[in-house]
Amino acid sequence: MNIRQVLRPDDIDLDDLFFWAMPLAEREGAFQTLRDERPIPFVLEHEIPGFPIETGPGFWCLTRHEHVLYASRTPEIFSSARGATSIPDLPSEFNEFFGGMINMDDPRHARQRRIVSRGFTPRTLAQLEKSVQRRATAVVDRVIEKGQCDFVAEIAAPLPLEIICDLMGIPPSLSAMVFEQTNIILGIGDPEFTANGEDAQLKILGAGAALAALMRELADEHRKRPKDDLTSALLDASQEDGALTDDELCSFFILLVVAGNETTRNAISHGMKALCDYPEQRALWAADFDALARTAVDEIVRWASPVIHMRRTCTRDVVVGEQPMKEGDKVVLWYNSANRDERVFRDPYRFDITRTPNEHVGFGGPGPHFCLGANLARREITVMFREIFRRLPDLMITGEPDRLVSYFIHGIKRMPCSFTAQRAVA
Ligand code: HEM
């Protein structure tokens, strides 16, 4: 990719959606300028139209890999409890409802993480393996006779959503509703998901309430008839640390569907686009899929950087690099920029499926909040691409991706593709 450095540090406003609507090459150029010339800028916050909360004072931006790692590893100074998923300060009930443990510090975070980790053991993941394969086969079956489709809606999106529904024991008839509500929560800021004049806060609250209602029903059912799924494991009070309360369960479910869905979907979409843009990398992977899957999938996550940033708040005065920060200051960890830091990645704008080592922070930096679903996501991406390589080997992206305008999620909303139509397996 050829990046373009068209903005000077003073003109780079990371809190302005106009910046995020600029061409990717220019945004990448801006982050390179910052890493080199002003690695920890302070950005003033703007008022958010339709979001009736006080405009915050601004935030420090960590653009270099080493600083993102430092903040991730030092949660006692860089706290998540004032909100990791939102730069504006939201009421604490809102943060907990929508983010659950991602917006908490230890010891509350540690307790919840231990409980939910019950569902992410190697045994559960091995059980899920068959369902990932079966669902990926079905995804391809549904499109293979058409010869063309929207890659995002019909190939990248269904798998992660269906797997989370399988994990929690949600019936397939409800997955479309889950999908729609998560789009509302994560698409905030993009005009398509909240049309002008609509009250964005109300819309988000409505989406959260719909998901919570679904979860409460599911919890009641699982209490009456426990099953061998994650929901039953989370409600099992006989284990150390007890069970999640109903409120905790709802928040965890919302966290799971928003954290596990769009991220994996966008990794698959960006990955496909990259494989079309770099045909030599695609040919290399096709020649020995299994041998290269591990490094290729991590390169896809680095390349895609589906989560653009997370926020922390300083619990005391601290100096990062040479930049003093005060207790209470907001600090934003720009994973997209850390993943292009030329101090760590040789030729960072080259998509290289053999890249080793690849210390990307696509799943977050090392620390207590490192992505709980990283191994599941890697599995889903591997199985989906294996299925595409085997059964849709000539799939090509036939139009420019329609990108989500967001400073939080690096998303693709639509992307047309075509391939030679064939008979479905089923
Ligand atoms: C390519 C796909 C994915 C990406 C890029 C991604 C990215 C991330 C990132 C950056 C964080 C760190 C948050 C922080 O440090 O504050 C995180 C946390 C988390 N992720 Fe993922 N994620 C992905 C897939 C998944 C999946 C499939 C699941 C579950 C089904 C999942 C569940 C979670 C949870 C529960 C947390 C919160 C962990 C905690 O606070 O202890 N993620 N993810």
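Would you give the gap between the C-alpha center of region 356-393 and the C-alpha center of region 110-187, rounded to a whole Å?
Between the Cα centres of region 356-393 and region 110-187 lies a distance of 14 Å.
Calculate the all-directions average of the projected area of the chain's alpha-carbon convex hull, and give it in nm².
Details: hull surface 79.9 nm².
Over every viewing direction, the Cα hull of the chain projects on average to 20.0 nm².
Of all alpha-carbon pairs in region 43-148, indicate the percentage at a distance above 22 angstrom.
Pairs farther apart than 22 Å: 58 percent.
Quick one: divide the alpha-carbon radius of gyration of region 373-425 by 2.2 N^0.38 Å and tell me what you get.
Numbers: Rg = 14.1 Å, N = 53, 2.2 N^0.38 = 9.9 Å.
Here the answer is 1.42, to two decimals.
Carbon and sulfur: what percent of region 189-290's accessible surface (1.4 Å probe)?
Numbers: 2330 of 4450 Å².
On region 189-290, the fraction of accessible area on carbon and sulfur atoms equals 52 percent.
When a/c reaches 1.5 or more, the comparison of a/b and b/c decides; with that in mind, is region 313-426 rounded, prolate or oblate per its Cα gyration tensor?
Because a/c hits 1.5 or more and a/b exceeds b/c, region 313-426 counts as prolate.
Against the 2.2 N^0.38 Å scaling, with N counting residues, where does region 227-271 land? I'd like the Cα-based Rg ratio to two decimal places. Walk me through the numbers before you get to the answer.
Details: Rg = 13.9 Å, N = 45, 2.2 N^0.38 = 9.3 Å.
Expressed relative to 2.2 N^0.38 Å, the Cα Rg reads 1.49.
Share of Cα-Cα pairs in region 108-240 beyond 25 Å, in percent?
Working: 3561 of 8778 pairs.
Above the 25 Å cut-off, region 108-240 has 41 percent of its Cα pairs.
Build a GNM of the chain with springs between Cα atoms under 10 Å: which of GLU129, GLU400, GLU387 gets the top mean-square fluctuation?
The residue that fluctuates most here is GLU400.
Consider just the alpha-carbon atoms of region 68-110 and return their Rg together with their Dmax, both in angstrom.
Taking only Cα atoms of region 68-110, I get Rg and Dmax of 10.2, 28 Å.
What is the P(r) of region 1-72, as percent of Cα-Cα pairs per 5 Å bin from 0?
Per 5 Å bin, starting at zero, the Cα-Cα P(r) for region 1-72 comes out as 3, 16, 22, 22, 18, 12, 5, 1 percent.
Going by average Cβ density within 10 Å per residue, which order do the peptides 220-230, 241-251, 347-357 take, highest to lowest?
On the way: 220-230: 13.3, 241-251: 18.3, 347-357: 15.7.
The peptides rank, most packed first, as 241-251, 347-357, 220-230.
Expressed as a fraction of 2.2 N^0.38 Å, the rule-of-thumb size for a compact globular protein of N residues, what is the C-alpha radius of gyration of region 317-378?
Numbers: Rg = 14.7 Å, N = 62, 2.2 N^0.38 = 10.6 Å.
Expressed relative to 2.2 N^0.38 Å, the Cα Rg reads 1.39.
Points 7 angstrom from Cα along the Cβ direction at LEU174 and VAL6: gap in nanometres?
Computed distance between label sites LEU174 and VAL6 equals 4.7 nm.
The values are calculated or read from the model by the stated rules, or taken from the named source; none is laboratory data. Computed from a prediction, not measured in an experiment: that's the story for all the values here. No Cβ is skipped: glycine too gets one built from the backbone with ideal geometry, and neighbour counts run over all protein chains shown. Surface areas here come from the heavy atoms of the whole protein model, side chains and all, with no ligands, DNA or RNA. Shrake-Rupley method; radii C 1.70, N 1.55, O 1.52, S 1.80 Å.
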